[in-house]
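A short write-up of the structure that comes next.
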Amino acid sequence: MQSSSLRKSETLEIRPIGATYAAEIIGLDLAIPLGDDLFRTLYQLFLQHKILVFRDQVFDDDAHSQFARHWGKLQVHVLNQYHKATNPEIIYLSNLDRDGTPKGEHPDPGAAIWHTDGSWAKERALATMLYGMVLPKSGGDTLFADMVAAYDGLSAMMKQKLDGLIAVHNLDYSRSLTTARQQMTEAQKRAAPPVEHSVIRIHPDTGRKAIYLGQHASHIVGMPIDEGRALISEINAHSTQAQYLYVHRWQPRDFVMWDNRQVMHKATDFDWINDVRTMRRTTTVREKI
Ligand code: OGA
Ligand code: MN
């Protein structure tokens, strides 16, 4: 039996692990249902640290989605090839096929470019939760960029230029930039048409401004395509400078969650022929809790 004292927020230890953001939360067993008080505490920590890391978690798909449900509605991702067969709210990302043989490519080549989860949809992602089931011996890190700090780091002139601009986000476009063998099907393209979002977004809880671009952003409304694309590349390059990064080096059984309204991210490479990386993922959508 787990001690219920583990669930008391005052027993939580919070250890910042990045230079400027990301924190490890110690003293929590995510397999035990979360009470409302503890959820509120965690939500404040989530806003403050942008990325929360829980080590050594042992819990199943149901416990994972039960935890996730506190943070909004669970997204059913348009790329249904990654769904768990019996529950489309759970995604498995692995370089192994269902029968255990290497697929011969990254688990999700689409994650290997800088992006914010679900920016290609009208209903944007709030939290993504990734659980490290099997990790490779080296590589397979996740890089994050702090888009609030990146906004703060823009020149006054650039802030003024970006304010009021609207970007078109398009999953089919960003996937075509990757080496993914499986490009989007016609049905998937119809289910995820391009959408528009403002380039600068205001966080509904913190009131802080953040850059909201990444490589799902294809172009800028009212600007020639090439010019908009060049501006998006320039701002993505600005946002991914070393001072805005946190690199998560995975350990097995890490559970990592991030605020897609404040950070963007990307997966790094590993030896996907000879090694294994399998992650379980849920993503929630909701503007405000
Ligand atoms: C994701 C993602 C990064 C990784 O699941 O949304 O981008 O390192 N994953 O697997
Ligand atoms: Mn992602």
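Between T20 and Q251, the FRET efficiency estimated from the beta carbon spacing at R0 = 25 angstrom works out to 0.70. The trypsin sites (Lys or Arg not before Pro) of the stretch 157-240 meeting both criteria, a DSSP state outside H, G, I, E and B (loop) and at most 15 other C-beta atoms within 10 angstrom of the site's C-beta, are R181. Counting only protein heavy atoms and a probe of 1.4 Å, the accessible surface of the stretch 91-142 is 54% carbon and sulfur.
Taking amide H positions as modeled 1.01 Å from N, with prolines and chain starts lacking one, the residues under 5 Å from L96 and 5 or more places away or on another chain are K103, R277. Once the Cβ-Cβ distance of R69 and R229 is raised to the sixth power relative to R0 = 41 Å, the FRET efficiency obtained is 0.65. Using a cutoff of 8 angstrom between alpha carbon atoms and counting only pairs six or more residues apart, the relative contact order for the stretch 98-254 works out to 37 percent. Taking θ as phi - 60° and the Karplus parameters 6.51, -1.76 and 1.60, the scalar couplings of the stretch 260-271 work out to 5, 7, 10, 9, 10, 7, 7, 8, 9, 6, 7, 7 Hz in sequence order, x denoting glycine and proline. The calculated FRET efficiency for R98 paired with M157, based on their beta-carbon distance and R0 = 41 Å, is about 0.20.
The slack in the chain from D60 to A237, taken as 0.36 nm per residue of separation less the alpha-carbon distance, amounts to 59.9 nm.
Take every Cα pair under 8 Å in the stretch 71-111 that's 6+ residues apart, average their separations, divide by the length, and report that relative contact order as a whole percent.
On the way: 34 pairs, mean separation 10.0, N = 41.
After rounding, I find 24 percent.
Calculate what fraction, in whole %, of the accessible area of the stretch 202-289 sits on carbon and sulfur atoms when a 1.4 Å probe is rolled over the protein chains. With neighbouring chains kept in place, the figure for the stretch 202-289 is 51 percent. What percent does the relative contact order of the chain come to when contacts are Cα pairs within less than 8 Å and at least six residues apart? Contact order relative to length: 32 percent. Counting 0.36 nm for each residue step from T86 to V221 and taking away their Cα separation leaves a gain of 44.6 nm.
Taking all protein chains together and a 1.4 Å probe, the residues H219, H197 rank H219, H197 from largest to smallest accessible area. Would the stretch 114-259 count as rounded, prolate or oblate if I go by the C-alpha gyration tensor, calling it rounded below 1.5 in a/c and otherwise prolate when a/b exceeds b/c, oblate otherwise? Cα axes put the stretch 114-259 in the oblate bin.
Note that the stretch 1-147 presents 44 Å² accessible area per residue, ligands and nucleic acids not counted, probe 1.4 Å.
If a spin label sat at a point 7 angstrom from the Cα of A187 along the line to its beta carbon, the backbone N atoms of the stretch 87-118 nearer than 15 Å would be those of 88.
With protein chains left intact and a 1.4 Å probe, residues in the stretch 187-289 average 43 Å² of accessible area per residue.
Coordinate range of the alpha-carbon atoms in the chain per principal axis, descending: 62, 44, 32 Å.
The values are calculated or read from the model by the stated rules, or taken from the named source; none is laboratory data. Small disclaimer: the values here were computed from a predicted structure and weren't measured. Reconstructed Cβ throughout: ideal geometry from the backbone, glycine too, with neighbour counts over all protein chains shown. We work out accessible area using only protein heavy atoms, side chains counted, and drop any ligands, DNA or RNA first. Shrake-Rupley method; radii C 1.70, N 1.55, O 1.52, S 1.80 Å.
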